[in-house]
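The structure under discussion appears below in the form of structure tokens.
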Amino acid sequence: MRMLAAAIAATLACGCAHEARTGAMVSDAVPEESEYRMGAADVLRISVWKNEELSRTVPVRPDGTISLPLLNDVRADGLTPMELRDVLARKLEEYIPRPQVSVIVQEVHSRAVSVLGEVTHAGRYELKGRSTVLDAIAFAGGITPFARRGRILILRHEPDGVKRIPFDYDRAISREGAQGNLYVQAGDIIVVP
């Protein structure tokens, strides 16, 4: 009986320790992104139930619109698939009673960052999920020995102009500086001097 009580106590202690570790990990976890918003170069599958003539696969053009029969150009840039579905259904009501529309994002190409300068493979990299500056540098093959690690710059386009965000590589990779590893946004340009 004493051994059973000891085993239960050990199990509970391990569980509490695991819960404490898990709690710490959850608090350090990446916050979830809000719904995906479509952008230029994404490929969408638009389906109108029982109407193959209107159903098709279309790219989001650089101006942020898609083209569909009867509707001509419809803005898709910045909308979620559900928002676009609702817009298309409203517009199609002029031609079809109670249209059932679905929007599926088949290919994501609008989420990309550019990495330039003293990296192994400078270029434009498509993001498949939330990524940090260190992730983007890793996509580019890492920094070269000549990189000025403390002078990296992130250029981010915002409505009021280009924002310049300094990034210190050494600080970001240090144990104390993990919070300095910023998340990149689609369109960011990372310059490694």
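The values are calculated or read from the model by the stated rules, or taken from the named source; none is laboratory data. Note that the structure is predicted; figures quoted are calculated from it, not measured. A quick note on method: Cβ atoms are made from the backbone with ideal geometry, for glycine too, and the neighbour counts reach across all protein chains shown.
Odds and ends about this structure:
- Some residue of the range 144-155 being closer than 30 Å to residue 62 by Cα and touching a residue at least 40 places away in the same chain (Cβ under 8 Å): yes
- The range 31-69, subset among the hydroxyl-bearing types (Ser, Thr, Tyr) and not assigned by TED's automatic domain parsing to the domain that holds residue 93, residue modelled with the highest pLDDT: 36
Condition check ((1) in the same structural domain as residue 72 (by TED's automatic domain parsing); (2) over 30 Å from residue 47 (Cα atoms); (3) among the β-branched types (Val, Ile, Thr); (4) touching a helix residue (DSSP H, G or I) at 6+ places or on another chain (Cβ under 8 Å)) across all residues:
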| position | (1), (2), (3), (4) |
| --- | --- |
| 124 | no, yes, no, no |
| 135 | no, yes, no, no |
| 168 | no, yes, no, yes |
| 174 | no, yes, no, no |
| 184 | no, yes, yes, yes |
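- Selection of the range 103-129 for residues being β-branched (Val, Ile, Thr), part of a loop (DSSP other than H, G, I, E, B) and in contact with a Lys or Arg (Cβ under 8 Å, 6 or more places away or on another chain) yields only 108.
- Applying the condition of being free of Cβ contacts under 8 Å to residues at least 40 places away in the same chain and within 30 Å of residue 148 (Cβ to Cβ) to the range 84-128 and asking which residue is surrounded by the most Cβ atoms within 10 Å (Cβ to Cβ) yields 125.
- Of all the residues in the range 167-193, those that are modelled with pLDDT under 95 and more than 24 Å from residue 110 (Cβ to Cβ) number 13.
- Some residue of the range 177-190 being of a type in the set (Gly, Ala, Ser), in contact with a strand residue (DSSP E or B) (Cβ under 7 Å, 6 or more places away or on another chain), under 28 Å from residue 78 (Cα atoms) and assigned to a loop (DSSP other than H, G, I, E, B): yes
- When the range 130-176 is filtered for residues that are touching a His at 6+ places or on another chain (Cβ under 9 Å) and part of a strand (DSSP E or B), only 163 remains.
- Lone qualifier among 116, 88 - being in the same structural domain as residue 143 (by TED's automatic domain parsing) and either within 28 Å of the chain's Cα centre (by Cα) or of a type in the set (Asp, Glu) (or both): 116
- Single residue of 54, 70 found to be buried (at least 16 other Cβ atoms within 10 Å of the Cβ) and not hydroxyl-bearing (Ser, Thr, Tyr): 54
- Residue satisfying all of: in the range 169-189; without any contact (Cβ under 8 Å) to a residue 24 or more places away in the chain and surrounded by 15 or more Cβ atoms within 10 Å (Cβ to Cβ); nearest to the chain's Cα centre (by Cα) among these: 180
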